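Novice: Quick one: structure below, then a few questions.
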Amino acid sequence: MALEERDFDVIVVGCGCAGAIAAYVAAKKGKSVLVVERGEYAGAKNMTGGRIYAHSLRAVFDEYADGEVDWDEIPFERKITHERIAMMDPASNMTIDYTSENLGEAGQESYSVLRGEFDQWLMGLVEEGGCEIIPGIAVEALLKDEGGCVTGIRAGEDEITAHVVIVAEGQNSLLAERFLGAPRPKANQMAVGIKEVFELDEKTIEDRFLTPEGEGAAMLFVGDCTHGVVGGGFMYANKTSVSLGLVSTISEMEKADTTIYQAMEDFKNHPAVAPIIRGAEMVEHSGHMVSEGGANMVPELVHDGALIAGDAAMLCMNLGYMVRGMDLAVASGRFAAEAACEAIDAENVSRAGLAGYKTRMDGSFVMKDLRTFAKWPHTMETWERMFTDYPKMVGEIFDSMFVVDGTPQQPLRKRIMPIVKQRGLFKLAKEVKGALSAL
């Protein structure tokens, strides 16, 4: 049965990583595409840390760009060649610094990004691909026919129809919740994020992050940065700025002795952070909601006439030592577009006709990775000592190693073991074993 006439083949709601790539791929496959973005420009409402693992973006451009995209012209900030993980106590900080040539190899590299600029570049790519874009308008509703199949959108007084609508409007998607039955996240599944950007010159950034010219570092913090509640801090080196922020689970922050804003002020003044942003001018401050529940938060992705992609599909992984979201969003946008075009060509945009999206997602790294680490969010949520006592223990251990005050020293083992035993050696081993099992 032939599809009836519609205004567009595909409507994409949102022009972030998922939405822009979905629109780009659909246009490359010959479909008429409309993108509706509620921000005044793409990236206007995005406050990501931010870092992108580039493999999924490379895969899209290798398949669809036909040589039109010059990788060196993409507005990345710095290639990340240093990974740093820090455990913070109010009086101490221990940082692990890892670097490797493998971190910079094509296909497995990552970059710091400023989403305002990066998303605008993506939007330009989408426009050049022939898509129509309407910025500054919020989509208020999904249109449905008598059988419940999505047939388009309502934005203001306009009703615009399409064969397939791809919902990629970001976290807390009201469209997914109100019209596609996505469950409202629980307080322990969502975190509040706060980010500030500090302007510094390139050489100062490289000197303070101890990186080669043009390269950057990503740093994750745990412990006192969130006053000991579940969450963590992040810091990314950009070309001429530093992105610094905190993310903390909403349910835990409600119990804390502080607010996320005061925790941010304390974080900036910690001896491990203050020297890096010393003398810098804060040029951006923003807040956002972040999904923390992993695979257990992902809603039903496929509906009659509609697909959910990117942050709207809760595609985010926080593993403590690594945070991923943008590479998942890019891949989901691509898979959504491919499935939508496949369904339109087959003249079947029902849930069954669009099932290719779920097949692609399930067979890809996106859902496989989320499921591999499905137990981690709960493990992290219940591992209170990781955010309170462990950073303090690490500080005491290193104090016992490095502090020299003229008192005769015992062998190192005799200095360290009482510190560890104080926390319960078997309990410590059990907690670490459980964490490794979840990872």
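The values are calculated or read from the model by the stated rules, or taken from the named source; none is laboratory data. Please read these numbers as outputs of a predicted model, since none were measured by experiment. Glycine also receives a Cβ, built like all others from the backbone with ideal geometry; neighbour counts cover every protein chain displayed. Note: accessible area is taken over every heavy atom of the protein model, side chains too, but ligands, DNA and RNA are not part of it. Shrake-Rupley method; radii C 1.70, N 1.55, O 1.52, S 1.80 Å.
Novice: Which residue, D345, D362, D66, tops the fluctuation ranking in a GNM of the chain built on C-alpha contacts under 10 Å?
Specialist: D66
Novice: Now, a different point. Would you mind calculating the gained length between A352 and R371 on full extension (0.36 nm times residue separation, minus the Cα-Cα distance), in nm to one decimal?
Specialist: Length gained, A352 through R371: 4.5 nm.
Novice: Here is a further query. Each residue of the stretch 99-116 in turn: what ³J(HN,Hα) in whole Hz from Karplus with 6.51, -1.76, 1.60 and θ = phi - 60°, glycine and Pro shown as x?
Specialist: The phi angles translate into 9, 7, 4, 5, 5, x, 5, 4, x, 9, 8, 9, 9, 7, 9, 10, 5, x Hz.
Novice: Please work out the FRET efficiency for the pair N172 and M94, using the Cβ-Cβ distance as r and a Förster radius of 51 Å; give the result to the nearest 0.05.
Specialist: 0.90
Novice: List every residue whose amide H lies under 5 Å from the amide H of T151, counting only residues 5 or more places away in sequence or on a different chain, with H placed 1.01 Å from N in the peptide plane.
Specialist: Under 5 Å from the amide H of T151: L143, K144, D145.
Novice: Which one, I250, V366, V349, projects farthest toward the positive side of the charge dipole computed for the chain from Cβ point charges (K/R +1, D/E -1)?
Specialist: Checked the options; the winner is I250.
Novice: Given V35, I96, A86, which one lies farthest toward the positive end of the charge dipole of the stretch 22-121, if we put +1 on the Cβ of every Lys and Arg and -1 on the Cβ of every Asp and Glu?
Specialist: It is V35.
Novice: If you don't mind, there's one more thing I want to ask. What pairs in K195/K239; K368/K433; K195/K427; K375/K433; K186/K255; K392/K430 have C-alpha atoms more than 25 Å from each other?
Specialist: K195/K427
Novice: Is it possible to state the helix-based mean residue ellipticity at 222 nm for the chain, with each DSSP H run of 4+ residues giving -39500 (n - 2.57), the sum divided by total residues, to the nearest 500 deg cm²/dmol? What is it?
Specialist: So the helix-based figure for the chain works out to -10000 deg cm²/dmol.
Novice: Can you check what the net charge comes to around S110, using other residues whose Cβ is under 12 Å from the Cβ of S110 (Lys, Arg +1; Asp, Glu -1)?
Specialist: It works out to a net charge of -1.
Novice: Note down the net charge around K430, summing +1 for each Lys or Arg and -1 for each Asp or Glu among other residues with Cβ under 12 Å from its Cβ.
Specialist: Local charge sum for K430: +3.
Novice: If you don't mind, there's one more thing I want to ask. What value in Å³ per residue do you get for the convex hull of the alpha-carbon atoms in the stretch 1-145?
Specialist: 170 Å³
Novice: Using the Cβ atoms and a cut-off under 11 Å, what net charge is assigned to the surroundings of T259, where Lys and Arg are +1 and Asp and Glu are -1?
Specialist: The answer is -4.
Novice: Take the alpha carbon atoms of the stretch 274-295, find their center, do the same for the stretch 332-358, and report the distance between the two centers in whole angstrom.
Specialist: Centre-to-centre distance over Cα atoms comes out at 37 Å.
Novice: I would also like to ask the following. Over the alpha-carbon set of the stretch 113-256, work out the extent along each principal axis and list the three values in angstrom, largest first.
Specialist: Ordered largest first, the stretch 113-256 gives principal extents of 61, 45, 20 Å.
Novice: Can you classify the stretch 89-138 as rounded, prolate or oblate using the Cα gyration tensor, where a ≥ b ≥ c are the square roots of its eigenvalues, rounded means a/c under 1.5, and otherwise it's prolate if a/b beats b/c and oblate if not?
Specialist: oblate
Novice: What is the antiparallel percent of DSSP beta bridges lying wholly in the chain, to the nearest 5?
Specialist: 70 percent
Novice: Right, here's the next one. Go through 225-231, 209-215, 12-18 and give me the packing order, highest mean Cβ count within 10 Å leading.
Specialist: 12-18, 225-231, 209-215
Novice: Still on this structure: Could you give the spread of the C-alpha atoms of the stretch 354-420 along their three principal axes, from largest to smallest, in whole angstroms?
Specialist: The Cα atoms of the stretch 354-420 stretch 73, 20, 15 Å along their principal axes.
Novice: Leaving out ligands, DNA and RNA, what percent of the accessible area of the chain is carbon and sulfur, probe 1.4 Å?
Specialist: The computed percentage sits at 50.
Novice: Which residue fluctuates the most in the chain, going by a Gaussian network model with Cα springs under 10 Å, if the choices are A313, A274, A263?
Specialist: Highest fluctuation among the options: A274.
Novice: Then there's this: For the chain, evaluate the Debye formula with one uniform point scatterer on each Cα (no solvent term) and list log10 I(q)/I(0) at q = 0.07, 0.14 Å⁻¹, rounded to two decimals.
Specialist: These q points yield log10 I(q)/I(0) values of -0.37, -1.29.
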